[in-house]
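The values are calculated or read from the model by the stated rules, or taken from the named source; none is laboratory data. Not measured: the values here are computed from a predicted model. Don't worry about glycine lacking a Cβ; one is built from the backbone with ideal geometry, like all the others, and counts go over all protein chains shown. The protein model used for the area step is the full one, side chains on, heavy atoms only, and it has no ligands, DNA or RNA in it. Shrake-Rupley method; radii C 1.70, N 1.55, O 1.52, S 1.80 Å.
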Amino acid sequence: QVQLVESGGGLVQPGGSLRLACAVSGRINSINSSGWYRQAPGKQREWVATLTSGDITNFADSVKGRFTLTLSSDNAKNTLYLHMNILKPEDTAVYYCYSKVRTTYYWGQGTQVTVTS
């Protein structure tokens with residue numbers, strides 16, 4: 001089992017920045033990849049970014065060049081950070097972090113990001 005807890009969401013003006021954190025614990029050595037999805041009101045959940053076990057990052061075209069991923073490791077816990085810059089109103093969504101072990105996805109509870117003036 002893998003447990004994920006997100007934090008760091010909030011309200012920000014267009015052009016601003018936020019950093020989301022995802023604390024990952026449990027069978028972290030079995031994780032193949034981790035990353036983020038988001039879901040805006042009335043829309044389907046969409047993929048945002050992924051960090052593979054080989055330290056390769058991939059980003060959706062809509063966030064490429066504005067968002068970055070970093071990983072911090074401490075004993076039995078990893079923390080995956082999503083650094084969001086030059087935020088736009090269309091980035092408003094609930095952001096969910098995930099970890100994939102073989103074919104199983106584990107999800108956090110989500111954190112709200114609202115970009116508005």
Determine if the range 47-64 includes at least one residue that is surrounded by 14 or more Cβ atoms within 10 Å (Cβ to Cβ), of a type outside the set (F, W, Y), within 15 Å of Y106 (Cβ to Cβ) and under 13 Å from the mean Cα position of the chain (by Cα). yes
Cβ-Cβ under 6 Å, sequence separation 6+ or interchain: first residue in the range 4-18 and closer than 26 Å to N78 by Cα, partner open to solvent by 60 Å² or more (accessible area, probe 1.4 Å) and aromatic (F, W, Y). Which pairs? none
Suppose the filter is among the polar types (S, T, N, Q), open to solvent by 50 Å² or more (accessible area, probe 1.4 Å) and without any contact (Cβ under 8 Å) to a residue 12 or more places away in the chain; does T70 pass it? no
When (1) in a strand (DSSP E or B); (2) free of Cβ contacts under 8 Å to residues at least 24 places away in the same chain are applied to A49, the one that fails is (2)
Out of everything in the range 74-117 that is part of a loop (DSSP other than H, G, I, E, B) and open to solvent by less than 40 Å² (accessible area, probe 1.4 Å), what residue ends up being nearest to F59 (Cα to Cα)? L87
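Just to check your reading of the model, which residue among Q3, Q13 is open to solvent by 70 Å² or more (accessible area, probe 1.4 Å), in contact with a Ser or Thr (Cβ under 7 Å, 6 or more places away or on another chain) and over 26 Å from R102 (Cα atoms)?
Just one listed residue meets the conditions, Q13.
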